[in-house]
Every structure is written in C-alpha cells, then in structure tokens.
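Since the structure comes first, as structure tokens, the remarks are kept for the end.
The values are calculated or read from the model by the stated rules, or taken from the named source; none is laboratory data. Computed from a prediction, not measured in an experiment: that's the story for all the values here. When we count neighbours, we look across all protein chains shown, and the Cβ atoms used for this are built from the backbone with ideal geometry, even at glycine.
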Amino acid sequence: MSWISKILPIICLLAASPVGSEGSDRFWILWEKQEMVGANCPDGQQCILKRNYASRLVDGINLQKMYRLFGLMDGAALATGRLAEHPQAPRICQHNDPEVQLGFNPERLPMVEKIEVLRGLTGVNFDLRNLTPPPGHSSDFGRKLHTQFVAKLEDAGIKVLTKQEVAHTPGQPVLNIYFSHNDLNGACDYEYNVFASLSQTVLLTRDLRVKISAGVWSYSMGSTSDKHRGSEADIILGVADSFITDYRLVNRH
C-alpha cells in the first residue's frame, strides 16, 4: 500500500518537565503519515484512514520565539473563524488514547450491521447437556439436543469448541442458550421460550484498556409465536438454524 502524498510536519507543544527542570516546556517536530487501509479503498465501507507518527525533540530552541509563533498562529486561526486547535490534531501526548494505540480514531469507524460480528468466526462453544427437560420428556433431553446441535453446526462448517479451546480462541465466542417453560394448567398445558446470546470479548472504543465479554448476537422464540413450528426440541434447534443462516450471510466462500 502506498503512503498518501500528503505528509504533514507539525510542531507540538508538550506541557512536560524534563529531568531536573521544573515547569519547563519542550517542543517537538511531529511527522504524520497517512495511509488508507482495508477493503475497496479509498471509498469502501471497511476502508479506514490510518495515521503513523515520527517525532523529534527540538533542542536549544528559543522558547520566547516559539511562544510568539503559537500566539500568531492562534490569532490567525481565530481571525478566519477557525479553532486554534485543529480538529484533526493528533493527541499523541495522551498515551492511552485509542487513536494513539491504533493509529486511527475508532470512533470514526462506521457502524455496521450486527450480523458482522459473525464474520471470520472460527468456532463457538456451547453446552446444552444440562438443560432442564420440559414436562413429559426424559432426563436425557439436553444431551440428545446437544448432539443434534453439534451435528447441525459441524455440517455447516462451524467448529464446536471445547472449554479449553475457546479460552485460547480470539474473541472467546460462547453461545449461551436458555430454555424456560411455565406450567399453566398442568403438564399438558404450558408455554415455553428459548433465548440465545453469543458473547465475545470486546474493547471500548473510548478506552481500549477496558475489555469485557458482551452479547453480540441474539435469538429468541416462544411457543406462542406464529413463527414457531414443531416441538420443544425444534424451537431450541431453531437457534442453530438461525445462527447458521446469519453465519453464512457474512462468511460466503
């Protein structure tokens, strides 16, 4: 990839104190290089502007002249209706800033459809074996469903990860599946619902030091829904069908 021809030398005032000098200001020359990275650049939705910086400390500079230069530049900007601080000014002095760590501002990335969280997913962990069986079903209800669920995902080319494998997989993808049933007028008259949520590890765009596990994909269905057809097992296996459908939409080979 080629560098954008626009290369910006910038002088940055740092409110920093060198060793042995209380309250001293230091001036740096900052070199910004811009590069478009991603798919279908420069206009593709996934294309982003990446910035890289090189800096050099300016020694032996006349501080009074530099203060005057900053004042003149601020006055010229305000006189033309511009802010003294350029809106694209790099915030390199804030070492924990996401833009510094990534080379681009993640807040400027476009929002995408939630289905994109399944793109590039290498596998998923889940466990249905301990599901509480609904009325009239044997104690191996969960174990049988787990086997069928595994078969559906593997037939679709989605790897089923063990607990040990998912702990070392990027994103640590876990599909949590909840099945509940409410007895209305006895064992032959009850309602049931299934809810599923795929969790992955994510970082906050405003602070990349904050990492949590968050639900990024979900599915729900109830026995009273017009879309539900079949038995209690069918409604749970419907989670696999929906997951596979969405997975294939963003992982077409």
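Quick notes on this structure:
Yes/no per residue for (1) touching a strand residue (DSSP E or B) at 6+ places or on another chain (Cβ under 6 Å); (2) modelled with pLDDT under 85:
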position	(1), (2)
Met66	yes, no
Leu69	no, no
Gln101	yes, yes
Ile115	no, no
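- Residue satisfying condition, being modelled with pLDDT of 80 or more, of a type in the set (D, E, K, R) and assigned to a loop (DSSP other than H, G, I, E, B), within set Asp59, Asp43, Asp74: Asp59
- Residues that are outside any helix (DSSP H, G or I), farther than 17 Å from Thr122 by Cβ and of a type outside the set (Phe, Trp, Tyr) occur in the range 164-177; there is at least one.
Every residue, every condition in (1) in contact (Cβ under 8 Å) with a residue 12 or more places away in the chain; (2) more than 30 Å from Arg26 (Cβ to Cβ); (3) of a type outside the set (D, E, K, R), yes or no:
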site	(1), (2), (3)
Glu99	yes, no, no
Glu107	yes, no, no
Glu113	no, yes, no
Leu118	yes, yes, yes
Pro134	yes, yes, yes
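- The single condition among (1) out of contact with any Leu (no Cβ under 9 Å at 6 or more places or on another chain); (2) free of Cβ contacts under 8 Å to residues at least 60 places away in the same chain that Gln45 does not satisfy is (2).
Condition check ((1) over 24 Å from the mean Cα position of the chain (by Cα); (2) surrounded by fewer than 13 Cβ atoms within 10 Å (Cβ to Cβ)) across all residues:
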| residue | (1), (2) |
| --- | --- |
| Ala156 | yes, no |
| Gln164 | no, yes |
| Tyr190 | yes, no |
| Leu208 | no, no |
| Ser213 | no, no |
| Ser220 | no, no |
| Thr224 | yes, yes |
| Lys227 | yes, yes |
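- Test: residue in the range 135-142 that is at pLDDT below 95, in a loop (DSSP other than H, G, I, E, B), surrounded by 13 or more Cβ atoms within 10 Å (Cβ to Cβ) and at negative phi: yes
- Scan of the range 169-196 for residues that are in contact with a strand residue (DSSP E or B) (Cβ under 9 Å, 6 or more places away or on another chain) and aliphatic (A, V, I, L, M), ordered by number: Val174, Leu175, Ile177, Leu184, Val194, Ala196
- Single match in Ser218, Ser242, Ser199 (criterion: in contact with a strand residue (DSSP E or B) (Cβ under 6 Å, 6 or more places away or on another chain), without any contact (Cβ under 8 Å) to a residue 60 or more places away in the chain and assigned to a helix (DSSP H, G or I)): Ser242
- Those residues of the range 102-134 which are closer than 27 Å to Leu203 by Cβ, of a type in the set (S, T, N, Q) and surrounded by fewer than 16 Cβ atoms within 10 Å (Cβ to Cβ), in sequence order: Thr122
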